[in-house]
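Engineer: My questions will all concern the structure given below.
The values are calculated or read from the model by the stated rules, or taken from the named source; none is laboratory data. Keep in mind that what you see is a predicted model, and the values were worked out from it rather than measured. Glycine also receives a Cβ, built like all others from the backbone with ideal geometry; neighbour counts cover every protein chain displayed.
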Amino acid sequence: MAKVLVVTSGKGGVGKTTSTAALGAALAQTGQNVVVVDFDVGLRNLDLVMGAERRVVFDLINVIQGDAKLSQALIRDKRIETLSILPASQTRDKDALTAEGVARVMQELREKFDWVICDSPAGIERGAQLAMYHADYAIVVTNPEVSSVRDSDRIIGMLDSTTEKAKGGGKVEKHLLLTRYDPARAARGEMLRIEDVLEILSIPLLGIIPESEEVLRASNLGAPVTLSSPDSPPARAYAEAARRLEGEKLEVTVPTERKGLFARLFKGRN
Amino acid sequence: MSLFSSFFGRGNKTSAPVARDRLQILLAHERTGEASESDLLSKLHAEILEVIKKHIPVDQDKVQVKLDRGNSVSMLEIDIEVPQLKSSRRS
Ligand SMILES: Nc1ncnc2c1ncn2[C@@H]1O[C@H](COP(=O)(O)OP(=O)(O)O)[C@@H](O)[C@H]1O
Ligand SMILES: [Mg+2]
């Protein structure tokens with residue numbers, strides 16, 4: 001039975017698209033059939049982050065409106081055979097995303113894949129609501145920073161009230177993914193503490209992704225960071241998070257400052 | 001610092017040109033606002049399917065026509081998955 005997962009946050013720029021690509025690739029690498037779906041109509045980005053932008057012809061809206069079959073719009077990743085992407089439309093407006101249309105496409109995706117990962121747009125409006133509506137699982141992407149935590153709290157409330165699961169008396173299983181975590185700033189006490197974020201949001205922790213220049217490099221190259229630099233700290237953290245999603249019990253490691261001797265020497269004493 | 005980082009760090013030096021090239025191809029395409037591409041692919045798909053169907057029973061999902069845009073030329077990828085020819089002839 002397919003699992004539908006939404007990657008959501010309320011706030012923009014926290015790492016939803018980065019996380020969708022990285023987790024999708026990590027899950028697909030274990031041989032499972034994965035599709036990542038871009039719900040950010042009008043501002044699609046997932047195709048770029050995944051390096052599939054040159055191959056987009058049809059998109060989610062085309063499928064919803066019946067201009068294309070789902071199979072025509074799905075783009076198979078060139079590196080991982082079991083990974084596909086369903087792009088969002090760049091030109092249409094959000095109203096083209098109808099609730100019935102989304103339901104139909106999600107049903108079809110459930111039949112074809114093991115994991116359906118929906119990359120939510122920012123905000124709490126229609127687009128974000130449609131992205132989460134069919135979810136069994138939610139990954140709430142949060143930065144250790146006040147406005148992000150506040151928006152995540154709002155999103156958690158929506159996951160508990162306006163989803164199909166919630167309306168049927170069930171619950172969307174929620175996980176917290178703390179991203180853009182800066183160990184150096186954390187050590188200086190300049191960031192919200194992990195324990196505090198966890199206590200405030202009180203949903204289980206899926207992983208902590210450190211802030212890293214490897215993420216920028218990955219998006220430049222058009223590859224999920226788990227593929228472009230699999231040994232980097234963010235890639236390892238994403239790979240571990242993917243294993244937890246698959247049910248493995250792995251302890252979450254808190255990223256620490258990995259600056260070598262040179263960096264410390266050059267930073268000087270303080 | 002820059003000496004050390006170029007020795008020990010793998011900066012973003014090498015990835016930025018890739019990013020620029022990718023954007024140039026993408027934006028050149030997006031600015032022309034091409035809708036004809038999807039028309040072309042739909043027509044090709046329908047016609048190829050017709051031709052194949054004359055000889056082999058295929059499902060329409062098994063015929064895939066996809067595009068890969070390049071800087072000066074694009075690639076059309078046509079993928080046709082046919083059933084085991086021997087067994088389909090017998091039935
Ligand atoms: N762990 C990270 N380290 C460094 N930069 C990151 C990290 N995660 C995301 N980013 C950067 O933050 C920006 C926003 O990320 P993105 O995934 O597009 O967020 P969203 O989809 O939530 O708007 C991008 O420029 C991305 O490269
Ligand atoms: Mg995004």
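Engineer: Mind listing whichever residues of region A:39-73 are within 16 Å of ligand 1 (Cβ to nearest atom) and closer than 17 Å to A:LYS94 by Cβ? Write out each step before concluding.
Structural biologist: Within region A:39-73, the subset within 16 Å of ligand 1 (Cβ to nearest atom) is A:39-53.
Selection gives A:PHE39, A:ASP40, A:VAL41, A:GLY42, A:LEU43, A:ARG44, A:ASN45, A:LEU46.
Engineer: Within region A:103-160, restricting attention to residues that are closer than 20 Å to A:PRO87 by Cα and among the hydroxyl-bearing types (Ser, Thr, Tyr), which residue is nearest to ligand 1 (Cβ to nearest atom)?
Structural biologist: Per the stated criteria, the residue is A:SER120.
Engineer: What number of residues in region A:162-204 are farther than 16 Å from A:SER148 by Cα and outside any helix (DSSP H, G or I)?
Structural biologist: Looking only at that region, the number is 12.
Engineer: Checking B:LYS66 against (1) among the basic types (Lys, Arg); (2) at pLDDT 80 or above; (3) part of a helix (DSSP H, G or I), which single condition isn't satisfied?
Structural biologist: With respect to (1) among the basic types (Lys, Arg); (2) at pLDDT 80 or above; (3) part of a helix (DSSP H, G or I), B:LYS66 is out only on (3).
Engineer: What's the total number of residues in region A:183-216 that are modelled with pLDDT of 95 or more, farther than 22 Å from A:LEU27 by Cβ and within 12 Å of ligand 1 (Cβ to nearest atom)?
Structural biologist: 3
Engineer: Any residue at all in region B:55-63 that is within 25 Å of A:LEU221 (Cβ to Cβ) and away from every other protein chain (no Cβ under 11 Å)? Steps first, please.
Structural biologist: Our first condition is that a residue be within 25 Å of A:LEU221 (Cβ to Cβ); within region B:55-63, this holds for none.
Looking for residues that are within 25 Å of A:LEU221 (Cβ to Cβ) and away from every other protein chain (no Cβ under 11 Å), one finds none in region B:55-63, hence no.
Engineer: Here's another thing I want to ask about it. Among the candidates A:TYR181, A:TYR238, single out the residue that is hydroxyl-bearing (Ser, Thr, Tyr), in contact with a Leu (Cβ under 7 Å, 6 or more places away or on another chain) and either within 16 Å of ligand 2 (Cβ to nearest atom) or more than 14 Å from every other protein chain (Cβ to nearest Cβ) (or both).
Structural biologist: Within the list A:TYR181, A:TYR238, the selection yields A:TYR238.
Engineer: Cβ-Cβ distance below 8 Å, separation of 6 or more or different chains: which pairs start in region A:109-126 with a residue that is within 14 Å of chain B (Cβ to nearest Cβ) and end on one that is within 12 Å of ligand 1 (Cβ to nearest atom) and at pLDDT below 95?
Structural biologist: Final answer for the pair search is none.
Engineer: In region A:1-35, how many residues are under 11 Å from the mean Cα position of the chain (by Cα) and within 12 Å of ligand 1 (Cβ to nearest atom)?
Structural biologist: 13
Engineer: Sticking with this structure for a sec: Could you tell me whether any residue of region B:37-44 is within 11 Å of another protein chain (Cβ to nearest Cβ) and over 23 Å from A:SER84 (Cβ atoms)?
Structural biologist: Yes, some residue in region B:37-44 is within 11 Å of another protein chain (Cβ to nearest Cβ) and over 23 Å from A:SER84 (Cβ atoms).
Engineer: Out of the residues in region A:88-108 that are within 12 Å of another protein chain (Cβ to nearest Cβ) and not in a helix (DSSP H, G or I), state the one that is surrounded by the fewest Cβ atoms within 10 Å (Cβ to Cβ).
Structural biologist: As a first pass, look at region A:88-108 and keep what is within 12 Å of another protein chain (Cβ to nearest Cβ): A:89-92, A:108.
Imposing the further condition that a residue be not in a helix (DSSP H, G or I) reduces the set to A:89-92.
Values: A:SER89: 23, A:GLN90: 20, A:THR91: 13, A:ARG92: 17.
The selected residue is A:THR91.
Engineer: Tell me which residues, restricted to region A:14-63, are hydroxyl-bearing (Ser, Thr, Tyr), in a loop (DSSP other than H, G, I, E, B) and within 12 Å of ligand 2 (Cβ to nearest atom). Give the derivation first.
Structural biologist: Just the residues of region A:14-63 that are hydroxyl-bearing (Ser, Thr, Tyr), to begin with: A:17-20, A:30.
Within this subset, residues satisfying the condition of being in a loop (DSSP other than H, G, I, E, B) are A:30.
None - no residue of region A:14-63 is hydroxyl-bearing (Ser, Thr, Tyr), in a loop (DSSP other than H, G, I, E, B) and within 12 Å of ligand 2 (Cβ to nearest atom), so the list stays empty.
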